[in-house]
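The numbers here are math on the coordinates, done by the rules we state, and not lab data. Owing to the predicted nature of the structure, the values given are computational and were not obtained by experimental measurement. Note that we place each Cβ from the backbone using ideal geometry, even for glycine, and neighbour counts take in every protein chain shown.
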């Protein structure tokens, strides 16, 4: 069993969540963690994986766009990624898969807007389903105290736990039934 975790991160919070998810998954399966630029440069890696986990920050009620990334760079008070490609562009470039591949999605979002609609994870899940992926579980959100972070207390452990749950669900989902 193999999993690939692909993430976009502007302030480092989504990357930390991606790595924590990978730690949880890694207790049962082999895991490769890639940012969206590295994933775009290595398209041959994904077809070999049993599970694709994709995640990134929620900006303006969904996946980042060039304008929201530019706004994040402009407003940053600390280190910020100046990437031009985000999760949206990467998932939208995914080729349609003929076999129902497994996927899971996550996002990071600001704690004070928990009840607001919109989610990068739900948006990515929708695009992946259209590309022929089957979601292993509902999209997950992990929370940061403010736009630049930090992650709320306990969120990295919750991400590791979610990764373990993905691994537990992955094993029965990929084992063919006995006849």
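Some points to look at:
- For the chain, the longest principal axis of the C-alpha atoms and the axis of helix 66-75 are separated by about 50°.
- Inter-part distance where the range 21-49 and the range 79-151 are each reduced to a Cα centre, Å: 15
- Working note: 222 nm ellipticity from helices only, DSSP H runs with n ≥ 4, each -39,500 (n - 2.57), summed and divided by the residues of the chain, gives -11000 deg cm²/dmol to the nearest 500.
- On the principal axes of its alpha carbon atoms, the range 47-91 extends 39, 21, 14 Å, with the longest extent given first.
- Rounded to 10°, Cα long-axis angle of helix 13-25 versus longest principal axis of the chain: 20
- Packing-based exposure ordering (other Cβ within 10 Å, fewest first) of 33, 110, 73, 4: 73, 110, 33, 4
- 9, 81 arranged by Cβ crowding within 10 Å, fewest neighbours leading: 81, 9
- Folded to 0 to 90 degrees: helix 155-174 orientation relative to the chain principal axis, Cα: 20
- Residue order for 147, 5, fewest other beta carbons within 10 angstrom first, comes to 147, 5.
- Prolate/oblate/rounded call for the range 94-161, Cα gyration tensor, a/c under 1.5 rounded: prolate
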